[in-house]
1. Tell me the GluC sites (Glu not before Pro) within segment 47-122 that lie in a loop according to DSSP and have at most 14 other beta-carbon atoms within 10 Å.
2. Where does segment 99-228 land on Rg/Rh, using Cα atoms and the Kirkwood Rh?
3. Determine ³J(HN,Hα), in whole Hz, for all residues of segment 66-81 in sequence, where each value follows from phi through the Karplus function 6.51 cos²θ - 1.76 cosθ + 1.60 and θ = phi - 60°; x replaces Gly and Pro.
4. Might you report the magnitude of the Cβ-based charge dipole of segment 29-119 about its Cα centre, with Lys and Arg at +1 and Asp and Glu at -1, to the nearest 20 debye?
5. Quick one: what are the phi-derived ³J(HN,Hα) couplings along segment 49-60, Karplus 6.51/-1.76/1.60 with θ = phi - 60°, whole Hz, x for glycine and proline?
Amino acid sequence: MGPDGDGHGTGRDMGKGYAMDGVLWRNRAMLLFDRIPMPVAVCGPRGTIMLANAAMAAECDTTPGRLKGRDILHLFRPRDESQLHRIAEALRLRRRSRYQVSVTWETPDGALREGELTVDPVSDTVERTPDLLVMLRVVGERPATLPDRPRATAGAAESRILELLAAGATTAQAARETGLTTDGVNYHLRRLTRRWGATNRTELVARAYASGVLMPGVWPPRAAAQDG
């Protein structure tokens, strides 16, 4: 019973406990969402991004928070407009099927990627206009031709991470400085490692200096301005 002997205190305590459990599970769900290796976003019915994970943000060379409010079809260009018409009609009729949209987009280093957006309409009730759970699958990539760009390139987020690593920052410190999660930082580093053929982070930083991505003789480390 509560302090006044009427049992109300126990009800209030249970309500607070349920609320705390709800917050705890929401935080866990968000952590798991951010760690999904596949690029994933939750969008409104018109394609406006409401939530994106680190993998999706890395495809756009930005942070998840900066993707919020952007149109996903401005980031990933549809190859067949009729696929969008089918989704729009499905939303109008409250259908819950899964749809694919073939898309292309450009990576931070100038390569052209081809892939597929898988779109799942989701909502709490049948009556409500559904939001869209969107997953990106990379199908292929055409490397950028760089006849007049002999040095390696890096996107803005990649360059900032390289600056921090060159200054001795840990992954956790780089995450705090860039606003990314540690998984987001590691995702960028894995992409750079594959693209440059580096075997570890020390070699990654060395190649950044050797190729001109990081300016030599400057402290704290700073990325050079990149053309184009």
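1. Here no GluC sites (Glu not before Pro) fit, given the DSSP loop and packing criteria.
2. 1.09
3. 7, 7, 4, x, 8, 7, 5, 7, 7, 8, 10, 7, x, 8, 9, 4
4. About 580 debye.
5. Values, residue by residue: 6, 9, 7, 9, 8, 5, 5, 5, 5, 5, 4, 9 Hz.
Only the coordinates and a few stated rules stand behind these numbers; no lab work does. Since the structure is predicted, the reported quantities are computational estimates derived from the model, not experimental observations. With ideal geometry, Cβ positions are generated from the backbone for all residues, glycine too; neighbour counts draw on all protein chains shown.
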